[in-house]
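A short write-up of the structure that comes next.
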Amino acid sequence: SQQGEEDPQALSIQEGENATMNCSYKTSINNLQWYRQNSGRGLVHLILIRSNEREKHSGRLRVTLDTSKKSSSLLITASRAADTASYFCATDRGSTLGRLYFGRGTQLTVWP
Amino acid sequence: EADIYQTPRYLVIGTGKKITLECSQTMGHDKMYWYQQDPGMELHLIHYSYGVNSTEKGDLSSESTVSRIRTEHFPLTLESARPSHTSQYLCASKDRGVAGELFFGEGSRLTVL
């Protein structure tokens, strides 16, 4: 069954604008991860945030985590056309076995 | 860039054929996974392995089977393909430890006619 629920399902913006994607989940977690998938390709890991962290940065990416609301957000600042892709959040559902559970993703389109 | 490789990238076959999707990684990772993904949908875990001679079924029931005879190799086999098996199959691996990223291959897109 689906664990992460990304919102919105699709997002269309102009280059230079910021893109914000949200993820909600249902169970306790050890960590939450964000991945990117270009059309027809495999997923690429972007960032991992642990359950005891509230915010994390990596380049133009900023991830927040609110465990009380069971939600996370991914902010991409100053978007570029090359950022066009699907973005997925994934959680471990509190398991220590290394399995990840993915949502349906947000399709981001950045227009030049 | 991840050192995990899937072949073939694209495969179109007829119903009833036996197919094997290959997945190899050169990172020495113990844990390997097969996910199935339909367009615009989430990834569903269909098989995973924690090491040589270890295989488990995932959350989504699948008629496929897997084997893990060598650390670096985790092939997926369909004995008799059907149109309902048409999908993208993604292989991933992970190093030891609780936390950590999955490294994905480029995927194998299977179409069964």
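The values are calculated or read from the model by the stated rules, or taken from the named source; none is laboratory data. Values in this document were obtained by computation on a predicted structure and should not be read as measured data. Glycine also receives a Cβ, built like all others from the backbone with ideal geometry; neighbour counts cover every protein chain displayed.
Please count how many residues of segment A:1-44 are surrounded by fewer than 17 Cβ atoms within 10 Å (Cβ to Cβ), part of a loop (DSSP other than H, G, I, E, B) and not basic (Lys, Arg). Number satisfying all stated conditions: 14.
Tell me which residues, restricted to segment A:82-98, are within 22 Å of A:ASP66 (Cα to Cα) and within 12 Å of another protein chain (Cβ to nearest Cβ). Walk me through it before giving the result.
Within segment A:82-98, the subset within 22 Å of A:ASP66 (Cα to Cα) is A:87-96, A:98.
Matches in segment A:82-98: A:PHE88, A:CYS89, A:ALA90, A:THR91, A:ASP92, A:ARG93, A:GLY94, A:SER95, A:THR96, A:GLY98.
Whenever a residue of segment A:101-112 is under 24 Å from B:GLY58 (Cβ atoms), its partners that are at pLDDT below 90 and surrounded by fewer than 19 Cβ atoms within 10 Å (Cβ to Cβ), lying with C-beta atoms within less than 6 angstrom and at least six residues away or across chains, give the pairs A:TYR101/A:ARG93; A:GLY103/A:GLU5; A:ARG104/B:MET41.
Of all residues in segment B:81-98, those satisfying the criterion of being touching a Gly at 6+ places or on another chain (Cβ under 6 Å) and either at pLDDT below 95 or among the hydrophobic types (A, V, I, L, M, F, W, C) (or both) are B:LEU90, B:CYS91, B:LYS94. In this structure, B:GLY100 qualifies as within 12 Å of another protein chain (Cβ to nearest Cβ) and either closer than 12 Å to B:GLN36 by Cβ or more than 12 Å from the chain's Cα centre (by Cα) (or both). Among the residues of segment B:60-77, is there at least one that is modelled with pLDDT under 95, within 20 Å of A:GLN33 (Cα to Cα) and within 14 Å of chain A (Cβ to nearest Cβ)? Among the residues of segment B:60-77, not one is modelled with pLDDT under 95, within 20 Å of A:GLN33 (Cα to Cα) and within 14 Å of chain A (Cβ to nearest Cβ), which makes the answer no.
State yes or no: is B:GLY16 without any contact (Cβ under 8 Å) to a residue 12 or more places away in the chain and assigned to a loop (DSSP other than H, G, I, E, B)? So that I can check it myself, show each step before the final result.
Values: without any contact (Cβ under 8 Å) to a residue 12 or more places away in the chain: no; assigned to a loop (DSSP other than H, G, I, E, B): yes.
When the stated conditions are applied, B:GLY16 does not pass them.
Of the residues in segment A:97-110, not one is at pLDDT 95 or above, surrounded by fewer than 18 Cβ atoms within 10 Å (Cβ to Cβ) and over 30 Å from B:TRP34 (Cβ atoms). Residue-level check: of (1) within 14 Å of chain A (Cβ to nearest Cβ); (2) at negative phi; (3) modelled with pLDDT of 95 or more, B:GLY107 misses just (2).
Pick from segment A:38-60 the residues that are closer than 23 Å to B:GLN37 by Cβ and hydrophobic (A, V, I, L, M, F, W, C): which of them is nearest to the other protein chains (Cβ to nearest Cβ)?
Start the filter on segment A:38-60 by keeping residues that are closer than 23 Å to B:GLN37 by Cβ, which leaves A:38-48.
Filter once more, keeping what is hydrophobic (A, V, I, L, M, F, W, C): A:43-44, A:46-48.
Details: A:LEU43: 4, A:VAL44: 7, A:LEU46: 9, A:ILE47: 9, A:LEU48: 6 Å.
That would be A:LEU43.
When the residues of segment B:1-19 are filtered to those that are within 17 Å of B:SER67 (Cα to Cα) and surrounded by fewer than 18 Cβ atoms within 10 Å (Cβ to Cβ), the one that is nearest to the other protein chains (Cβ to nearest Cβ) is B:TYR5.
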